[in-house]
Amino acid sequence: MTLGALSLAWIAAEAALPLDWLLIGVWRDAETPDTWIAAATGPQQPADMVTGRGGRADHALRRLADLLRERRGNPGSI
C-alpha cells in the first residue's frame, strides 16, 4: 500500500460522511490481525456507527465509504 492510496481512501471516506458524522479512524483488528477496521460515528453515537473492514487500511476505508454512501442515500431521489 502506498501513502497515496491511503490518502485517497481517507478522502473518499470523509466525502461519503452524512451530515454531522465523524470519521473516527482506522486500526488493525486485535482479534484478526490481518483485518483492518475503519469506523465513523453519527450524532446519535454510539447507536449511529458504521464500520468497514478490509485486508489493508485503504480497503477498510473504501468499504466504509461505500457503506456510508448507502446509508446517506441518493440525494437525487428527494
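From the list L23, L19, pick out the single residue that is of a type outside the set (S, T, Y), closer than 14 Å to R71 by Cβ and in a loop (DSSP other than H, G, I, E, B).
Of L23, L19, the one residue that is of a type outside the set (S, T, Y), closer than 14 Å to R71 by Cβ and in a loop (DSSP other than H, G, I, E, B) is L19.
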Select from region 32-55 the residues that are in a loop (DSSP other than H, G, I, E, B) and either among the β-branched types (V, I, T) or modelled with pLDDT of 95 or more (or both) and write down the one among them that is nearest to L6 (Cα to Cα). G55
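Residue-by-condition table, conditions (1) closer than 15 Å to L61 by Cβ; (2) over 13 Å from the mean Cα position of the chain (by Cα); (3) without any contact (Cβ under 8 Å) to a residue 12 or more places away in the chain:
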position: T2; (1), (2), (3): yes, yes, yes
position: A9; (1), (2), (3): yes, no, no
position: I24; (1), (2), (3): yes, no, no
position: T35; (1), (2), (3): yes, yes, no
position: V50; (1), (2), (3): yes, no, no
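Can you find a residue in region 56-71 that is assigned to a loop (DSSP other than H, G, I, E, B), touching a strand residue (DSSP E or B) at 6+ places or on another chain (Cβ under 7 Å) and surrounded by 18 or more Cβ atoms within 10 Å (Cβ to Cβ)? Quick ask: steps written out before the conclusion?
Initially, region 56-71 is screened for residues assigned to a loop (DSSP other than H, G, I, E, B), giving 56.
Applying the additional criterion that residues be touching a strand residue (DSSP E or B) at 6+ places or on another chain (Cβ under 7 Å) yields 56.
So of that shortlist, the ones also surrounded by 18 or more Cβ atoms within 10 Å (Cβ to Cβ) come out as none.
Within region 56-71, none of the residues are assigned to a loop (DSSP other than H, G, I, E, B), touching a strand residue (DSSP E or B) at 6+ places or on another chain (Cβ under 7 Å) and surrounded by 18 or more Cβ atoms within 10 Å (Cβ to Cβ).
Looking at D58, is it in contact with a Leu (Cβ under 7 Å, 6 or more places away or on another chain), acidic (D, E), modelled with pLDDT of 95 or more and closer than 18 Å to W10 by Cα? Working first, answer last.
Details: in contact with a Leu (Cβ under 7 Å, 6 or more places away or on another chain): yes; acidic (D, E): yes; modelled with pLDDT of 95 or more: yes; closer than 18 Å to W10 by Cα: yes.
Yes: the conditions hold for D58.
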Could you run through region 30-59 and say how many residues are of a type outside the set (S, T, Y) and within 16 Å of P18 (Cα to Cα)? 13
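Of the residues A13, A5, which single one is assigned to a helix (DSSP H, G or I), surrounded by 11 or more Cβ atoms within 10 Å (Cβ to Cβ), modelled with pLDDT under 95 and among the small types (G, A, S)?
Working: A13 fails: modelled with pLDDT under 95.
Selected residue: A5, the only one of A13, A5 that is assigned to a helix (DSSP H, G or I), surrounded by 11 or more Cβ atoms within 10 Å (Cβ to Cβ), modelled with pLDDT under 95 and among the small types (G, A, S).
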Residues D34, D48: which one is acidic (D, E) and surrounded by 13 or more Cβ atoms within 10 Å (Cβ to Cβ)? D48
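The values are calculated or read from the model by the stated rules, or taken from the named source; none is laboratory data. For clarity, every value in this text was computed on a predicted model and none was experimentally measured. Neighbour counts are summed over all protein chains in view; Cβ atoms, including those assigned to glycine, are modelled from backbone coordinates with ideal geometry.
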